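Comments concern the structure below.
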Amino acid sequence: MKNILDAPFVKEMCATTANMYRLGWDERNGGNISYLLDEKEVGEYLDLDNVIRTIPTGFKADGLIGKIFIVTGTGKYFKNVEFDPENNLGIIRIAKDGETAELLWGYSDGGKFTSELPAHLMSHISRLSVNPENRIIMHCHPDYTLAMTQVHEMEERVLTRTLWKQMTESIVVFPDGIGVLPWMVCGTNEIGIATAEKMKQYRLVIWTLHGIYGAGKDMDETFGLIETVEKAAKQYMLTANLPKVNTISDEGLKALAKRFELTYRTDYLDL
Ligand code: 13P
Ligand code: ZN
C-alpha cells in the first residue's frame with residue numbers, strides 16, 4: 001500500500017488550501033473544499049474495507065452512494081492543512097443508506113467534515129447532472145467579492161454584467177454568469193438546497209455577506225473561476241468611488257464571445 005501523504009489528491013488539497021489562505025480568502029476556519037475521488041486511485045493508498053468510524057450527515061445524498069470524497073474538516077484552519085493533513089482533512093465514503101459518511105482516513109483528533117457538507121454534496125449532485133466530469137466544490141470568503149455584496153445590487157444579471165464589464169477576461173472565464181443567494185444562515189440543509197439549485201445553471205454562486213462557491217472538473221479550473229471573480233470584484237471596489245470613464249460595451253462583450261466561441265448567457269447582454 002502506498003503512503004497516503006504522497007497521494008496527488010492529498011498534495012493538491014494541501015497546496016490549494018495554502019494558496020487560498022495566503023490570498024486572504026480563508027481567515028481562521030473560513031472556507032471548505034470537497035473533491036470527488038476515483039475509487040481505484042484511493043484503493044492504492046487505503047484499505048477500502050477499513051471504516052474508522054461512521055458519521056451521520058443529517059441529509060440524504062442518494063445520488064452519491066458509494067462515492068468517495070476528500071473534505072476539509074469543520075473548524076480547521078486552512079493555514080494548517082499543509083502541516084497536518086491527517087488532522088485537518090478526511091476521506092469519506094457515502095454509505096448505502098445515503099445519509100451516513102464512512103470515514104476512511106483523517107479527522108484524526110475525532111473531528112468531522114465541514115459544516116457546509118450539505119451545500120457541497122448537494123452541489124456535487126447538481127454539477128454532475130450537467131457535467132459528469134465535475135470533481136470539485138470550493139467555498140471561501142475573498143475580500144473584494146464579499147465587499148461587493150455590501151454595496152452592489154445582488155441580482156444575477158445585474159451583478160454578472162458589472163463583473164463582465166470590469167475586465168476583458170471575465171466573460172471568457174465565466175460566460176455562464178454568477179448565481180446569487182440572499183443572506184441566509186449557513187451550515188444548514190436549506191442553504192445547501194438553495195446553492196445546489198443555482199448550481200444546476202451556474203458554476204459560481206455568491207452567498208451575500210458570506211462568500212462564494214465555485215465548481216469545476218479540477219482544482220485549477222475551480223480556483224481560477226473564483227480567482228477571476230475576485231479580480232473583477234477588486235477592480236469594481238477599487239474604482240467604485242471614482243467617475244467611470246471607460247467600460248467594456250455590450251458590443252465589445254459580444255465580440256469577445258464570438259472570438260472565443262463562448263457559450264454565454266446571451267440574455268445577460270442587451271440585444
Ligand atoms: P467549516 O469550518 O465548518 O468548514 O465552516 C467554515 C465556513 O466557511 C462556513 O461557511
Ligand atoms: Zn463560509
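Remarks
Listed here are the residues, each with its yes/no results for (1) open to solvent by 50 Å² or more (accessible area, probe 1.4 Å); (2) among the charged types (D, E, K, R); (3) within 13 Å of ligand 2 (Cβ to nearest atom).
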| position | (1), (2), (3) |
| --- | --- |
| W183 | yes, no, yes |
| T188 | no, no, yes |
| H210 | no, no, yes |
| G216 | no, no, no |
| F223 | no, no, no |
| K244 | yes, yes, no |
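- Test: residue in the range 249-261 that is open to solvent by 70 Å² or more (accessible area, probe 1.4 Å), under 27 Å from N29 (Cα atoms), free of Cβ contacts under 8 Å to residues at least 60 places away in the same chain and not hydrophobic (A, V, I, L, M, F, W, C): no
- In the range 19-44, the residue that is farthest from ligand 1 (Cβ to nearest atom) out of those that are touching a strand residue (DSSP E or B) at 6+ places or on another chain (Cβ under 8 Å) and aromatic (F, W, Y) is Y35.
- Sole exception among (1) under 23 Å from the mean Cα position of the chain (by Cα); (2) without any contact (Cβ under 8 Å) to a residue 40 or more places away in the chain; (3) not in a helix (DSSP H, G or I) for E190, by number: (3)
- Residues in the range 104-126 that are hydrophobic (A, V, I, L, M, F, W, C), within 16 Å of ligand 1 (Cβ to nearest atom) and either surrounded by fewer than 22 Cβ atoms within 10 Å (Cβ to Cβ) or within 13 Å of the chain's Cα centre (by Cα) (or both): 4 in all.
- Only one of E197, E230, E221 that is touching a residue at least 24 places away in the same chain (Cβ under 8 Å) and within 16 Å of ligand 1 (Cβ to nearest atom): E230
- Close contacts from the range 117-145, counting a first residue that is closer than 19 Å to T57 by Cβ and a second that is among the aliphatic types (A, V, I, L, M) and in a loop (DSSP other than H, G, I, E, B), with Cβ to Cβ under 8 Å and a gap of 6+ residues or different chains, come to L121/A61; M122/A61; I125/A61.
- Residue match in the range 49-56 (condition: over 18 Å from the mean Cα position of the chain (by Cα), under 28 Å from W207 (Cβ atoms) and either of a type outside the set (G, A, S) or modelled with pLDDT of 95 or more (or both)): yes
- Checked against (1) free of Cβ contacts under 8 Å to residues at least 12 places away in the same chain; (2) within 30 Å of K11 (Cβ to Cβ), G216 passes all but condition (1).
- When residues of the range 115-141 are limited to those that are part of a loop (DSSP other than H, G, I, E, B) and within 11 Å of ligand 2 (Cβ to nearest atom), the one farthest from G90 (Cα to Cα): H141
- No other residue among L242, L238, L209, L253 is in a loop (DSSP other than H, G, I, E, B) and over 28 Å from I125 (Cβ atoms) apart from L242.
- Residues of the range 138-181 satisfying the condition of being β-branched (V, I, T), crowded, with 16+ Cβ neighbours inside 10 Å and more than 12 Å from Y213 (Cα to Cα): T149, T160, T162, I171, V172, V173
The values are calculated or read from the model by the stated rules, or taken from the named source; none is laboratory data. Just so we're clear, the structure is a prediction, and the values are computed from it rather than from any experiment. Note that each Cβ is placed from the backbone with ideal geometry, even for glycine, and that neighbours are counted across all protein chains shown. Surface areas here come from the heavy atoms of the whole protein model, side chains and all, with no ligands, DNA or RNA. Shrake-Rupley method; radii C 1.70, N 1.55, O 1.52, S 1.80 Å.
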